[in-house]
1. In region 170-217, which residue that is without any contact (Cβ under 8 Å) to a residue 40 or more places away in the chain and not in a helix (DSSP H, G or I) is nearest to E106 (Cα to Cα)?
2. Got at least one residue in region 144-161 being modelled with pLDDT of 95 or more, surrounded by 16 or more Cβ atoms within 10 Å (Cβ to Cβ) and in contact with a strand residue (DSSP E or B) (Cβ under 9 Å, 6 or more places away or on another chain)?
3. List pairs: first in region 115-126 and within 9 Å of V12 (Cα to Cα), second polar (S, T, N, Q), Cβ under 7 Å, 6+ apart or cross-chain?
4. Any idea which of A77, A41 is in contact with a Pro (Cβ under 7 Å, 6 or more places away or on another chain) and not acidic (D, E)?
5. Which residues, counting only those in region 70-103, are surrounded by fewer than 17 Cβ atoms within 10 Å (Cβ to Cβ), of a type in the set (A, V, I, L, M) and at negative phi?
6. Just a yes or no: is a residue in region 156-169 out of contact with any Lys or Arg (no Cβ under 6 Å at 6 or more places or on another chain), on the phi < 0 side of the Ramachandran plot, outside any helix (DSSP H, G or I) and among the hydrophobic types (A, V, I, L, M, F, W, C)?
7. Give, as residue ranges, the strands (runs of 3 or more DSSP E) completely inside region 1-89 that count at least 2 residues that are within 9 Å of the ligand (Cβ to nearest atom).
Amino acid sequence: MTRRNRGILIVVSGFSGAGKGTIVKELMKRHPDRYALSISATTRSPRQGETDGVEYFFKSREEFLAMIRDEALVEYAEYVGNFYGTPRAYVEEQLAAGRDVILEIEIQGALKIKKRFPDTLLLFVTPPSAEELKRRLVGRGTEPMEVIESRLARAIQEADGIEEYDYLIVNDVLEECVREVHGILSQEHLRVSRNLEAIEEMRGELRHFAKCREGKGD
Ligand code: 5GP
């Protein structure tokens with residue numbers, strides 16, 4: 001049974017500032033053949049240093065609405081005044097190629113994905129404490145204080161939904177965290193329910209051996 005099964009759809013959510021982006025980037029760097037990161041479309045303006053097609057596909061509201069209309073998104077949600085959505089084509093292509101596709105999305109989108117694709121694996125990333133979360137958001141210096149406040153307020157809502165996730169990843173030491181996530185995802189591939197085709201194939205081969213033996217009369 002050497003055949004690798006279809007890729008797993010993985011959702012990584014977490015409070016803004018929890019460090020999920022850093023974890024995902026590290027995973028991609030260490031295992032580029034194994035994981036594919038979906039790039040979302042958004043109506044939010046690029047932050048300093050962000051490039052169209054790298055962090056996001058930056059869209060106008062009209063362009064985004066057209067993507068919804070054309071069913072070009074597997075999910076979308078509104079977050080602190082902007083739209084964010086996952087383009088469909090890339091996700092489908094990469095899963096079929098056997099790569100695990102990572103969606104770094106917020107909780108409303110995560111729940112939509114889970115409903116639509118029930119075998120999605122959901123990871124929730126949190127910093128060790130609320131205090132640390134605020135410290136990281138302020139320290140990153142990319143948003144004005146009022147945006148930080150609304151992101152912290154949003155964290156309260158997001159915290160309510162954590163029970164819907166499969167794993168809680170506490171991002172204290174990055175190195176450990178990345179190893180932990182890679183371990184979880186590797187284990188997930190071994191689940192019987194994700195290997196049904198390979199199991200069926202093995203059964204077929206075993207039946208074939210039995211038939212050959214009968215044919216030889218032993
Ligand atoms: P940011 O503005 O900090 O880049 O992202 C804000 C939030 O939107 C983050 O929680 C991020 O994970 C989420 N997000 C990014 N892309 C998507 C997407 O395609 N769909 C959904 N539902 N959320 C997204």
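1. V173
2. No, there is no match, as no residue in region 144-161 is modelled with pLDDT of 95 or more, surrounded by 16 or more Cβ atoms within 10 Å (Cβ to Cβ) and in contact with a strand residue (DSSP E or B) (Cβ under 9 Å, 6 or more places away or on another chain).
3. Listed pairs, sorted by first residue: F124/S13; V125/N171.
4. A41
5. Listed by number, the residues that qualify are A72, A89, A96, A97.
6. Yes: region 156-169 contains one or more residues that are out of contact with any Lys or Arg (no Cβ under 6 Å at 6 or more places or on another chain), on the phi < 0 side of the Ramachandran plot, outside any helix (DSSP H, G or I) and among the hydrophobic types (A, V, I, L, M, F, W, C).
7. The strands (runs of 3 or more DSSP E) meeting that bar are 9-14, 40-42, 73-79, 82-87.
The values are calculated or read from the model by the stated rules, or taken from the named source; none is laboratory data. All values derive from a computational prediction rather than experimental measurement. Every residue, glycine as well, gets a Cβ built from its backbone with ideal geometry; the counts of neighbours run over all protein chains shown.
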